[in-house]
Each structure stands twice: as structure tokens, then as C-alpha cells.
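Where a number appears in this text, it was derived from the coordinates with a stated rule and is not lab data. Remember, it's a predicted structure, so these values are computed and weren't measured experimentally. Here the Cβ positions follow ideal geometry from the backbone for every residue, glycine too, while neighbour counts run over all protein chains shown.
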Amino acid sequence: MGYVAVKGGTKAIQASVRMYKDKQHAAGYEIEVEHIKANMNQLINQIMSEASLYDRDLAALSILQAEGNMEEAVFLLRAHRSTLPRLHYSTVTNTRDMFVERRVSASFKDIPGGQILGASPDFTHRLLDDDQSFAGNKTAEAYTEIPHTHALDALPKVIDYLEQEGLFSKKPEDDREPDDITKQSIEFPSSRSERLQSLTRGQTGAVTSLGYAEIRGYGYSSHPNIGEVRVGQQPVHIDPFDTGDAYYIGDIELTEVEAFMPADEDDMDDLGNTEKTFKIGYGLTFGQNETKAIAMSVLDYSLEHPVGDAATSDDEFVLLHIDSVESTGFISHLKLPHYVTFQSVLDRVRQTKGEHGQ
Amino acid sequence: MRQNFAFLDEHSKKEIRRKTLKAISIPGYQVPFASRELPIARGWGTGGLQLTLSLIGQADILKVIDQGSDESVNAVNIRRLIQDTTGVKDTIHTDAATLIQSRHRIPEVPLKPYQILVLQVPLPEPLRPVEPSERITKQLHADKEYSGAWLRLFEQIMRYGSITDDADYPVLVDGRYVMAPSPIPRFDNPKLEDNDGLILLGAGREKKIYAVPPYTKVASLAFEDHPFEVESFDDVTCRESGLTGVYMDELIDETTGETYYMTNDTSYMIEEMNKEGSVK
Amino acid sequence: MKTADNVALCVRNFSKHYGEGCAYCMESDAVLDRNICPECGTIHACSDISFDLHKGEILGIVGESGSGKSTLMKMLYFDQEASSGEYHLADFLDGEADVLKLSSRQKRQIRNEILGMVYQNPVYGLKMDFSAISNIAEKLIASGSRNVGDMTATGDHFLGKVNIPLNRKFDPPVNFSGGMQQRVQIAKALSNYPPILLLDEVTTGLDLSVQADVLELIKEIQRELGISMVVVSHDLAIIRMLCDRTMVMLNGSVIEAGITDQILEDPQHAYTQQLVYSIL
């Protein structure tokens, strides 16, 4: 054969990948996955939540491989997720059974079971500290012994108090099978289960920004009250043979938020007056992700109770734009070659010049 | 880490194949599917790739092209992933392939009955430029209400004197569904019609699969007095091969500064140049 | 059931309620609190409305806000779904089909081909950012036209008819005054010569002199094209000027109907009397 294809693309790609991998470790300081797992808890929490895959080891590996790039780490875990068959769904798990490690209410000072500040960076001073030594630190076990008057795996909820006072009417329990957005794409108008799944996988920054817009002036435009933020270990069970005999498969760390939103009662009273009441926005994330969980509760509320034309009330706008893998993928694809389409654009631009230039 | 054959778990592949069958049964209709994340980024061809991965078998022969070229970096990257997880043979020759994944082009060589062409789709909704909401566009398709798509072209004629839609030019499939053909140039639109092969289109980020089955009527939207026009390469000859009547890349000669043209479908160009008595 | 020979549109027992309804209020003789059921709170926006629109006539519907006249209009144009009733159009399958039972696609087709609608607020009837001429073309495209030359000629004709200077036909209505927007809307609604035109409070909010122009225009078009029209207004003066026959609505029901002159000269219902005497 006379003419042969140039293998330029293959060679260029191979060289580029090699260069990237070499550069990654050029300085020669190697860290182990175990180091990341031990020292980068908050990053792991955030990545597991956005990846919707609960595995601290794989999350740590993804951080190492992605050189600490959040979006890349989430992307790695999501791609890995696609190789795994879904073998079981867990049974319904109730956060009343959570072993609570931290729990605060912004609404009531004294809550049954008490406020539990737990481990949080909230009240640290953000001063750069170049003396980061952990050698003298106590191990985690030393903290679990703090005595408490209530059983930590059966704490009452703040929401119960509102209900007793008649300030919140609990919705009837919805026992329908939730939609699974990893098995069936979201159809609009979306169901609440689709919204909650989508929000909890959302990119932390995107969820936070939209939640912020919703309360700052484009939607609810008012201050929600955090009834309760709780962080703790949640037991998970499966019932593989559907016998009602569930097996415990482990605990996962969760953050749960119930936000109280003052709102109008749906129905008027007997005299035709509208009463005020509280409605609930709900947030739940893998790992300790308190800001995201709060923002999620705001968006859950805004999508459940739309206000006018606010973008944050539009389920398509919110749900189709908060996914980290989708948004970063589409934005980054813009740097791929578009020679063919650009040639087509040129043709049309020249055509209009021809038509109007004469 | 050990990988599955063709990366995805078998449950996912089955679901994608079921949705693909549905798409073939309703030509031009966008079938929603639960798109999986892949090791290649969203927007980089994950829709096409999921189709390919769910369809590919050990006996398949694969061709991957991007911008008309087997050697475009993105084509190389996608081919590498498919081969790393399947070990199938690849080819640059369109005729030799059983499965062709392409971005932005339909090859110059007509498809054969034994071939499947998979096109990567960034924006599957042809009505999106006139209607941002998915639930409304879904209703418009159901009602066969396509005034918006035509009106967009009409308004272009009013404003610019001609239709200015470039690539991804909308088509009406089998007289029923208006469809985005993916960002192929208008030059390739006529190849969609009455094709011997099966054309599948996959949008990963937007989670849609759709199809143009063999021998389907496909018409580019146009008006009686403003007919559909393809990109014009009428007065242009490929500098490399002497070919005419093919889609060209416009290039600049670094030494002379002159514009010249070259056949965009590189494997076709090489095949033509190697023929006895080729034009050049 | 089908439409009689001289009837263009026929409605029987049209009802629209918001809420579930209960055993009490679903009875035909239930006494409601205005249009709200005292037992279950269901709002009966329209109750049991029947009428015929004769070919070539202008039928007026008058009533205060909340009387149900706009809801009735929206049901006729399928903007809202009727809760119950029957609806026949002479120009659809010879008036034999109950069009409420059609698919949303067929309803869309009736909207596009048989009905014309002019809304009180031009925002609902026009694409404010598209040129005036494209707005008219939208209706023509929807009713099947695919010829740009024909459509621009028709557009020019109707824009001329409603006194829009042709040098402004490429401007979008967002740059027009309220009266001009309303005239573009009328031109659009008429452009495919629909047999039936629906006009909902079309002069409300316009200056008196502009009102007179628009009314004169409607009258003239009706004489010239013989289109059957339903005109909804809260203003008896407009009804008097335009309508051959009139229905008076109150709390979702028709309380009086007949020749317009007769109703104005000799109102029977106490509410109509109050309405008539208040303007004299």
C-alpha cells in the first residue's frame, strides 16, 4: 500500500499521559492511601457524598489518584460505581436509630436529649498554623466515653416538639417504592424521591450556591430555622430474601438536617382565615457535610413549594445543573476538537455576508 | 483493578439494549435511559460509548472516529478504552468495521447492512433552542407540534436572508419526530436517509438514546422556496488527494499563508489514494 | 350528537371545577356560596354551560370578573381542560366528534387550524422577541404552510389590514405599544382564516381611542371574512357594539341569553338589570 494513516493522535496521547504521570510524582514525596484516610476526613466526606458511593478506602484512593482534585476524585468513584451491579436495596432505615455524635438545634435552646456539640470546625479560628503536629493527640477512642443522660442511639427529634405543639402537621407516611435515579432517568415533573437523591449527590458548591440564592432573594427569600442538624452513625440492614429477617451490614456516617420554614397552612380554617404553620425542608448526606445538608434542605423546600418564577423553584433548572460529573464534563468538552462543526459555522457566516453584502 | 468485559456491569448493558430496541421501534424518538458514568468525562462521548459498550461482542471489529479522523485524540482515547476492556480488533477501514463510533461525522463510505453507526450526541433535543423546559418539549413531541423549530428557521431568513443553522441541523424522521442528528455537518444529513445500516445516537449527559433504523425517511427541515443547503465545497479540490465532492477541512499553508483544503474523512482519502488510477 | 347545519361550534353541559366536589355540590340544583361549595370548598368555575355559536355571528359573553367567562374561553381553546361536558366543531369531522375526548395532539391541531385566539394580554399570544412577521408566520406554519414567500405575503396583507406600518414588520412586538401588540395578535389569529375566532377582553387596558380602532377592525374583519366569533368582555358597551347575541354569566352559570338588543332593552334577570341600568 502506498499511503498509510499517520498515527499522530495515538503517539501524542501516550506522551501526554506519560508526562502527566511523571510530573505527578516528580518531587519524590510519596503518600499512602492510609495517610489520606487518616488526615483528610472532610475531603473524603465531601467526595463520598457527591459520588454517592460510601467507601472511605476507595474515596481516599480516588483523592490520591486525582492529585486532590475534587471533581476528578468524584468522577473516578462514579465511574467505578458503573462497574458494580446493584445487588440489594437496604431496608428502610430511620434516623431516630442513629447513634448521634453531634447534634445542634438553632431553634430551641433546650431540646430533649440536649445539644451535643461533638467534633466540628465551626468554632476554630481560621488562622494558618504552621505547627501541624499530631504526635501528641489522643486516639479517637478516648472521646467516646463522655457520659450522657440519654441513649445516643434513641434521641428524640426536635420536630416532635413542634408537632406536639400543633405547629407542624406531619404528612402521612408515603410507603411507595422510591424512584431510583441511577436506574431510571428523572422524568419531569420530578418526584420527591428523585429530587432528594439528585440533591444529595449534587456538587457541594452548586447546592450551596443555589440554596443561598433561594434564601437571599430569589424564591423563599427568608431565613429558615434549623430545627436540627445531626451527625452520627446510621445502621444499615438488608433483607435479601424478603423474609422480614433483615441482616445488619454496617454503619454509615450521615448528616441530617430538618429546617423549619414558616409558611401558610394549605387549607383555610373554618372562618376562611389562613393560618401560619411550619413546613419542613429536608437534607441528608453521606458523611459529615453540614453546609451541603442545610442547603439541600432549603432546596428540597423550594422545589416542594415553588415561588413564582424563581430558578430555585424549577426542578429542571436545579436538578439538571447541580451534578458535578455532568457540569464539569460538559464544560471541559468544549476544548475537544470541533473542526467539522466550526467549518459548518464558517459556511453559514460567509453565506450571510454574501447575501447582505450584495 | 479487574474490569468487566466492556466495562459496564451486565445489568446496565441489558437496560441500555432494551432502551435501544425501543429507540429502533420508534424512529427519531428520544428514549430516556439511566445513563452511567464512564471513565471518560460526560460530554466527551459517554452516550455513544454506552451504546458501543452495551452492543459490542468479541467478534466485532471496531472503528472509532472523531472529526472524520481515526487519529483524532478523542477517537484514540475512546478506542483505547473499548479495546482495553474488550480486546476486540480495530480497523480504520469503514467497510471492514461492524461497529463504528463517530463524533461529528458520518463516513463518506455508505454504511452496509451489517454495520451499526453510533453517533455521540451532546444536545439531543432539537427544540431546546426554542424551549428550555424538558417537560414542555416532551409534550411538544407528543403533540407533533414543531412550529417552533420551523419558526426559528423562518426568523433566520427574515433576519439574515438565509437559514443560519450550521451543524446539528434538525431533521424530520419518518414524517413523525423532529430529531437532532448530532453535530454532523449539514453535508452529512442526506446520508441519514434510506441508509442500509443502523444508526444509533446516544446522549450520555442528557440521558437519551434514539435511532434511525435502516431504510427510514429522513428530511432536513426546509421551506419550499428556501430549500435545505449543505456546506458548499463546489470549487474546492483536496490538495492531498485531488478528491472533490467530499467534506473538507480548511487549512492554512504555513509557508505561503494560503488557504487550502483537504478531505476530512482521512481513512476514505487514503483508500481512494491507494486505488488503481486514483485521481492523483 | 353533531352540530346543526348553521352552527359552527356547539357546547353542552360544560363544567369546570377546582377540587374534588362532593355528593352535595355535584347535584345540578345545589345551592352554592357564589361558586364555592359550602360543604367541601370546591370551586365551580363553570357549571353546566350549553350554547351554540352560529356560523358568521358574533356571540358575546358578559359578566364580572370571577363569573367564569374567561375559564369558559380557555376551555374552548384547550388552554384548560373541562371537567365534564361535550364540545363539537362543525369544521372537525363534520361536527360529529366530541373534541374534548381527542388526544392532546388532535386538540393542538384544532387550535392551530380551526381556532384563532386573541388574549387580553398579548404576552400569551405573541412571541415578544420574534419579529412581527414571524409571529404571524408561526400561526401559518402551525397550520401547515411551508412557503416563506406565501407566508410573508400573507403576513404583509394582515399587518396592513390591522394598520401596522410594513417598515416595522421586522421589529419584535416587545418594542410596540399595547394597541399595536393587540393588533399584531389579531393579525396573527386571523392569518390562516380560521372559521372561529375567540376574543378575550381584547380591548381591556387600551386607551379609549385605540379601543375604538380595535373594535372597528374586528367588526370590519367579521363583515369581510364572515368568521364566527366569541367575544368575552365585562363591558356592555363593547358587547352592544359587536355582538349579535349575548350570554350573561354570573358565578359560573349562564343566567340569561338572547339577542343582544333584547337583553339590553328588556333584561329579565335581576343581575342583568343591575348591569344594564348601571351603564345607562
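Some notes on this structure:
- Gyration tensor (alpha-carbon) shape descriptor, chain B, a/c threshold 1.5: oblate
- Within straight-line cross-link reach of A:K353, lysines at Cα separation under 18 Å, skipping those fewer than 8 residues along the same chain: none
- For C:S84, distant residues with modelled amide H under 5 Å away: C:S15
- Centre separation in Å (Cα based) which lies between region C:228-266 and region A:162-238: 51 Å
- The mean sequence separation of alpha-carbon pairs under 8 Å and at least six residues apart, normalised by the residue count of chain A, gives a relative contact order of 18 percent.
- Cα gyration tensor shape for region A:29-183, rounded if a/c is under 1.5, else prolate or oblate: oblate
- Whether region B:137-208 is rounded, prolate or oblate, judged on the alpha carbon gyration tensor where a/c under 1.5 counts as rounded: oblate
- Residues with amide H under 5 Å from that of C:C46, placed H, sequence gap 5 or more: C:K16
- Put simply, the amide H of C:G60, placed in the peptide plane, has neighbours under 5 Å in C:V231, C:D244, C:R245, C:T246, C:M247, leaving out anything fewer than 5 places away on its chain.
- Summing Cβ point charges (Lys, Arg +1; Asp, Glu -1) relative to the Cα centre of the protein assembly as shown gives a dipole of roughly 2080 debye.
- Beta bridges per DSSP with both ends in the protein assembly as shown, % antiparallel, nearest 5: 70 percent
- Taken over chain C, the ratio of Cα radius of gyration to 2.2 N^0.38 Å equals 1.02.
- Loop-located GluC sites (Glu not before Pro) in region A:146-252 whose Cβ has at most 14 other Cβ within 10 Å (DSSP): A:E165, A:E173, A:E187
- Net charge dipole size for chain C [Lys, Arg +1 and Asp, Glu -1 on Cβ; Debye, nearest 20]: 1000 debye
- For the protein assembly as shown, the Kirkwood estimate of the hydrodynamic radius, built from every pair of different alpha carbons, is 32.5 Å.
- Listed values for region C:206-216 are Karplus-derived 3J(HN,Hα) couplings in whole Hz (6.51 cos²θ - 1.76 cosθ + 1.60, θ = phi - 60°), namely 9, 4, 4, 5, 5, 3, 4, 4, 5, 5, 4, and x replaces Gly and Pro.
- Too-long pairs where the Cα-Cα distance tops 24 Å, listed order kept, from C:K55/C:K139; C:K139/C:K161; A:K21/A:K183; A:K11/B:K208: A:K21/A:K183; A:K11/B:K208
- Between region C:5-67 and region A:4-43, the alpha-carbon centres lie 72 Å apart.
- Rounded Å value of the spacing that divides the Cα centres of region C:107-135 and region C:147-219: 11 Å
- Of all DSSP beta bridges in chain C, antiparallel share, percent nearest 5: 55 percent
- Counting only other chain Cβ atoms within 10 Å of each residue's Cβ, the peptide B:226-238 averages 2.
- 222 nm mean residue ellipticity, helices alone, for the protein assembly as shown (DSSP H n ≥ 4; -39,500 (n - 2.57); rounded to 500): -10000 deg cm²/dmol
- By the Cβ distance rule of under 4.7 Å, the protein assembly as shown has these cysteines without a partner: B:C238, C:C10, C:C46, C:C243.
- Sequence-separation-based contact order of region C:7-278, relative, with Cα cut under 8 Å and 6+ spacing, percent: 25 percent
- Cα-based helix-to-principal-axis angle, A:192-201 vs chain A, degrees rounded to 10: 60 degrees
- Rg and Dmax of chain A, based on Cα coordinates, read 25.2, 93 Å.
- Cα-based reach from B:K191 at 15 Å (exclusive), listing aspartates and glutamates while leaving out same-chain residues under 8 positions away: B:E108, B:D168, B:D174, B:E229, B:E231, B:D265
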